Amino acid sequence: QVQLVESGGGLVQPGGSLRLACAASGSIARINAMGWYRQAPGKARELVAGIARGGSTNYADSAKGRFTISRDNAKNAVYLQMNSLKPEDTAVYFCNADVTYYRGGYYYADDYWGQGTQVTVSS
């Protein structure tokens, strides 16, 4: 199977920065799109940023100009650099990956999520 593990969350003051990382492991043949989502208490999970295998990116309006998504295909990893953080960025951040994996002689494709990492922006 495939596992996604996030790291890099924590407590930061308004205006500060954090860098989230997510590494995928398992019987991976290819990782296609990857992305970061977040979910604040009482709210639905929302896309923050996405990145295609070739590097093209898309961002939520709230993230444009402050957040940067990147990936390292050799490491099966995706990153989110978050600058100028605001209290409204407080949420659990989840990594997502569209993965093609190999099992029992066949290739399968599925969507995977990490366990989430808490980001709290507060003074």
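The values are calculated or read from the model by the stated rules, or taken from the named source; none is laboratory data. Just so it is clear, the structure is predicted and the values come from calculations on it, not from any experiment. Reconstructed Cβ throughout: ideal geometry from the backbone, glycine too, with neighbour counts over all protein chains shown. These accessible areas exclude ligands, DNA and RNA; they are computed on the full protein's heavy atoms, side chains included. Shrake-Rupley method; radii C 1.70, N 1.55, O 1.52, S 1.80 Å.
Figure legend. Inter-residue proximity from region 107-123: first residues open to solvent by less than 70 Å² (accessible area, probe 1.4 Å), second residues outside any strand (DSSP E or B) and of a type in the set (Asp, Glu), beta-carbon distance below 8 Å, spacing 6+ or different chains. Indicated pairs: Val119/Asp89; Val121/Glu88; Val121/Asp89.
The rows are residues; the columns are (1) within 30 Å of Ser123 (Cα to Cα); (2) aliphatic (A, V, I, L, M); (3) within 15 Å of the chain's Cα centre (by Cα).
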| site | (1), (2), (3) |
| --- | --- |
| Leu18 | yes, yes, yes |
| Ala29 | no, yes, no |
| Pro41 | yes, no, no |
| Val48 | yes, yes, yes |
| Asn76 | no, no, yes |
| Asn96 | yes, no, yes |
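Where residues in region 44-95 are in contact (Cβ under 8 Å) with a residue 40 or more places away in the chain and part of a loop (DSSP other than H, G, I, E, B), which of them is least open to solvent (accessible area, probe 1.4 Å)? By that ranking, first place goes to Leu85. Kindly indicate whether any position in region 28-38 is surrounded by 13 or more Cβ atoms within 10 Å (Cβ to Cβ) and not in a strand (DSSP E or B). Checked region 28-38: no residue is surrounded by 13 or more Cβ atoms within 10 Å (Cβ to Cβ) and not in a strand (DSSP E or B). Among the residues in region 2-14, are any modelled with pLDDT of 95 or more, outside any loop (DSSP other than H, G, I, E, B), of a type outside the set (Asp, Glu) and surrounded by 21 or more Cβ atoms within 10 Å (Cβ to Cβ)? Looking through region 2-14, at least one residue is modelled with pLDDT of 95 or more, outside any loop (DSSP other than H, G, I, E, B), of a type outside the set (Asp, Glu) and surrounded by 21 or more Cβ atoms within 10 Å (Cβ to Cβ). No other residue among Arg71, Arg45 is at pLDDT 95 or above, of a type in the set (Lys, Arg) and under 16 Å from Ser7 (Cα atoms) apart from Arg71.
Selection of region 15-27 for residues being more than 14 Å from Val48 (Cβ to Cβ), open to solvent by 40 Å² or more (accessible area, probe 1.4 Å) and either at pLDDT below 95 or out of contact with any helix residue (DSSP H, G or I) (no Cβ under 9 Å at 6 or more places or on another chain) (or both) yields Gly15, Ser17, Ser25, Gly26, Ser27. Determine if region 104-118 includes at least one residue that is aliphatic (A, V, I, L, M) and either under 16 Å from Ser7 (Cα atoms) or at pLDDT 95 or above (or both). Checked region 104-118: no residue is aliphatic (A, V, I, L, M) and either under 16 Å from Ser7 (Cα atoms) or at pLDDT 95 or above (or both).
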